[in-house]
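The values are calculated or read from the model by the stated rules, or taken from the named source; none is laboratory data. Being a predicted model, the structure only gives us computed values, none of them experimental. Glycine also receives a Cβ, built like all others from the backbone with ideal geometry; neighbour counts cover every protein chain displayed.
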Amino acid sequence: MPRIRRAVEKIHKIDEEELIVLKKRVEIATIVIIVFIALLVARLWFLQIKNGEEYVKLSENNRIRIQQTQAPRGNILDRFGRVIITNRPYFNLLWTKEDAPNPDEVTKRLSQILNEDISNLLTSIREAAGQPRYMPILIKEDIDWKTLVYIENHHLELPGVRVEAVPSRDYLYGNMASHLIGYLGQISKTELEALKYNKYQGGDPIGKMGIEKIFENELRGEKGFRYLEVDVLGFEQQVLQHQDPMPGNDLQLTLDIDLQNTAEKAMEGIAGAAVAMDVNTGKLLAIASAPSLKLDEFIGGISTRVWQELLNDPLHTLVDKSVQGQYPPGSTYKIITALAGLSEKVINPQTTFYCNGGLHMYNRRYGCWKKSGHGAISLQRALSESCDVYFYQVGQKVGVDRLAAYAESLGLGKKTGIELEHEKPGLVPTSAWKKMKKNEKWQDGETLSVAIGQGFNLATPLQICRMTAAIVNGGKLYKPQIIEAIKDPDGSTMKKIEPKLLGKVNGSAQDREFIVRGLIDAVNTRHGTATSAKMENIIVGGKTGTAQVVRMAKFKSIPESQLPRKYKDHAWFTCFAPAEKPEIAVTVLVEHSGHGGSVAAPIAKQILEMYFKEKNGDAPTP
C-alpha cells in the first residue's frame, strides 16, 4: 500500500507540471490564432473596404479593356479653302504585356515578322516601362499591308498583339511648304512627363516642327474610346460601349497653293528661300525654303540613317531659310541708305556723286561692282544701276547709328513675330553694339560696308520682303501673318485672324515715292540691274543684291564660276507689283549662286506671273 500511495502521489505531481506546461502552450496558441485572425481581418478590411473599389477595377480589367482611338487631326487649307493636308488611315502594331503569357517568345516572333532588330523592339518596350501592364505599347507604326495580313491570320499565335487603324497625315501636294507645315512624330518620354502634355500617352503622334507643332492644341482633336470584353488572352469578344473621337480643328492658311507651288518648282535643285507677301495686310502668300523636307520620311518615325544625313547635309535642308537663314542683305539695303539720306536731308533727289569705279578712304580703296565706274550719277539712277560708290558717300554722311534707326523702323534687326519656330532676328550694327560686343571703336570704313548691305549686317528673306512691302504700302510695318482662320470640323469659322500693324516707317511719303521710282527703273530701263524681272503689261519695281561671302586669298584670282560653291556670293532680289498700286511683294534669296539680277530675279518673275494669271482667272490649279 505505501508503494501504491507513493506512485499515485508521483503521478499527481507529474500531471500538475504537465498541465501547467500545457496551459502555457494553449495560451500561446490562442494568442497566435488571435493575431492570425486579426491580421486576416485587417487584410480583408484593407482589400475589401479601404481599396475595394480599386481592386474591383483591376479585376474588371482582366475582363474589360478601355481602348482609346486616335482623333483625326484637323485639315490644313490654303487661303481659298483648298485642302493641302488631310488624313488617311494607316495601321499601327500594338502589344499588351498583360495578355502575353510568354513575352520573350512574342518579342522574338514580332522581330522576325517585322524584320526588325529585336533591340529596337525592346527599346519601345522599355520606354513604356512606367505604364500599367494592361495598357498597349506601340511596337511599330504604319505597317505594310503584307505584314497586316500575316498578323491578322496568325493572331491566335500572338497573344496580346493587335493591329489598330489610326488616321495619318496625307500630303496632297507632296512636300510643298514642308518647313512651314512641319511633321509629326511619336511623343517622347520628356514630352510625356511635361504637364502640358498630360492628355497624351506613349506612342501618341504629336507635332514636332512647324505649324503641326505650334498649333498642336488646335489640330489634335479629342480621343474616342471603346469598352471591350476580352478573354484571358486579351482577344476581343465584344464591344460593350464606345464613343467616337472628335476631329481636330482646321487651319486655313494665308498661303496660295498656286504661288507656293510655283516658288518651290522654281527653286528645285538650289538652296535658298522665296517669300511672297500681300503688301497691304502682311499676309504671306508663299513662303518656301529649299531644299524642301521629304515629309513622307517622317511618317512612322524617321530612321537614324536618314536623320544623320539631314544633319550632315551641306545644303542645310533642316533649316527654314526664310526665317532662320541670316545673310548680308547686299544691295537690297541701299533702299534703307537712300531713305535715311533723303529723310536726314544729307542728300536730295537731285544730289549727284561721281563714280570712277571706287572710293578711297584712309589709304584703302572701296570698289564699285562696275569697275569702270558709273560717272556722274544721281540717286534715282544709283538705285536703278546699284552704284556702290554713291551709297558709300550717302552712308558716310548719314553715319552708322542713323542708318540703324531707319533699318530698325523697317523691321530689320529684330524678329518679325511670325508664328514659326526659331526665327532669327538678323543684325543691325551700331557703334554701341560694336563697343559692347567687341570692345572696339566703330571705324568709318565699316560704315561704307554697312551702307551697301555688307559688313556686320544680317537679315532674313522674310525681313527683306516685309521691308519692301513697307516702302510701297505707305510706310506701314505689318506683322507677317500665316494663319487666316481657325475652323471647326464642320467648316464654321471659330476665329478669324486680322492683320496686325506694328508701326510706321521713318521718313516721308515723298521720300519713299522717289525711292520707288528708282526701283521701277531697276527693272524697266536698259541699264537697270533687274531687267530679267520685267513683265508685259505689269510694271514691276525691284532691287537686286549680291551678298559677298568671305573668300580665302588663294581663290581671289579664280573666276567666280570656278569657285567652290561655299565661296560663291548669295543672290538677292526683292520686288513689288503692280508699281502704280502695289499688291504683292516678292523676295528671293539663292545661296552661293552669283548675282541677284541673273539668278534670283527670274524666280521672282515666275511667282509674279502666277499671281497675275490667277488674278485674271487663268491660272491652273496644281
Practice item. Might you let me know whether region 422-439 holds any residue that is at pLDDT below 95, crowded, with 19+ Cβ neighbours inside 10 Å and not β-branched (Val, Ile, Thr)? Key: no
Study note, to complete from the structure: Result of the Cβ filter at 7 Å on region 405-424, keeping first residues that are on the phi > 0 side of the Ramachandran plot and partners that are assigned to a loop (DSSP other than H, G, I, E, B), at least 6 apart or interchain, is Gly413/Pro425; Gly413/Gly426; Gly413/Val428; Gly417/Lys479; His422/Gln324
Revision key, fill the gap. Of the listed residues (Ser343, Ser322, Ser331, Ser292), the one being modelled with pLDDT under 95 and buried (at least 17 other Cβ atoms within 10 Å of the Cβ) is Ser292
Check your understanding: Quick one: would you say Gly455 is at pLDDT 95 or above, assigned by TED's automatic domain parsing to the domain that holds Ala577 and in contact with a helix residue (DSSP H, G or I) (Cβ under 7 Å, 6 or more places away or on another chain)?
Key -> no
Point to revise | Ile302 vs. criteria under 30 Å from Gly203 (Cα atoms) and within 31 Å of the chain's Cα centre (by Cα) | key: yes
Point to revise | Residues of region 134-172 classified as of a type in the set (A, V, I, L, M, F, W, C), within 23 Å of Pro103 (Cα to Cα) and part of a strand (DSSP E or B), total | key: 5
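Residue-wise test of (1) under 26 Å from Thr546 (Cβ atoms); (2) out of contact with any Gly (no Cβ under 6 Å at 6 or more places or on another chain).
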{"residue": "Gly413", "(1), (2)": "yes, no"}
{"residue": "Leu420", "(1), (2)": "no, yes"}
{"residue": "Glu423", "(1), (2)": "yes, yes"}
{"residue": "Thr430", "(1), (2)": "yes, yes"}
{"residue": "Met436", "(1), (2)": "no, yes"}
{"residue": "Thr447", "(1), (2)": "yes, no"}
{"residue": "Ala451", "(1), (2)": "yes, no"}
Review point. Of all residues in region 511-536, which are outside any loop (DSSP other than H, G, I, E, B) and without any contact (Cβ under 8 Å) to a residue 12 or more places away in the chain?
Key: Glu513
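Quick one: which helices (runs of 4 or more DSSP H) lie wholly within region 345-443 and hold at least 2 residues that are of a type in the set (S, T, N, Q) and assigned by TED's automatic domain parsing to the domain that holds Gln326?
Counting at least 2 such residues, we get 379-385, 388-398.
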Check your understanding: Restricting attention to region 371-387, does a residue exist that is buried (at least 19 other Cβ atoms within 10 Å of the Cβ), touching a residue at least 60 places away in the same chain (Cβ under 8 Å), in contact with a Pro (Cβ under 7 Å, 6 or more places away or on another chain) and under 30 Å from Ser178 (Cβ atoms)?
Key -> no
Review point. Any idea how many residues of region 457-481 are hydrophobic (A, V, I, L, M, F, W, C), within 20 Å of the chain's Cα centre (by Cα) and surrounded by fewer than 22 Cβ atoms within 10 Å (Cβ to Cβ)?
Key: 0
Review point. Among the residues of region 293-333, how many are closer than 25 Å to Ile483 by Cβ and in contact with a His (Cβ under 7 Å, 6 or more places away or on another chain)?
Key: 3
Practice item. Using the structure shown, decide if Gly207 is modelled with pLDDT under 85, touching an Asp or Glu at 6+ places or on another chain (Cβ under 8 Å), of a type in the set (Gly, Ala, Ser) and crowded, with 18+ Cβ neighbours inside 10 Å. Key: no
Exercise for review: Restrict the check to region 234-251 and report whether at least one residue is outside any loop (DSSP other than H, G, I, E, B), in contact with a Pro (Cβ under 9 Å, 6 or more places away or on another chain), at pLDDT 70 or above and buried (at least 19 other Cβ atoms within 10 Å of the Cβ).
Suggested key: yes
Review point. Is region 302-317 home to any residue that is touching a helix residue (DSSP H, G or I) at 6+ places or on another chain (Cβ under 9 Å), at pLDDT 95 or above, of a type in the set (Ser, Thr, Tyr) and surrounded by fewer than 19 Cβ atoms within 10 Å (Cβ to Cβ)?
Key: no
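Please work out if Ser331 is part of a strand (DSSP E or B) and in contact (Cβ under 8 Å) with a residue 60 or more places away in the chain.
no
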Point to revise | Which numbered condition Met361 fails, given (1) in contact (Cβ under 8 Å) with a residue 60 or more places away in the chain; (2) under 28 Å from Met277 (Cβ atoms) | key: (2)
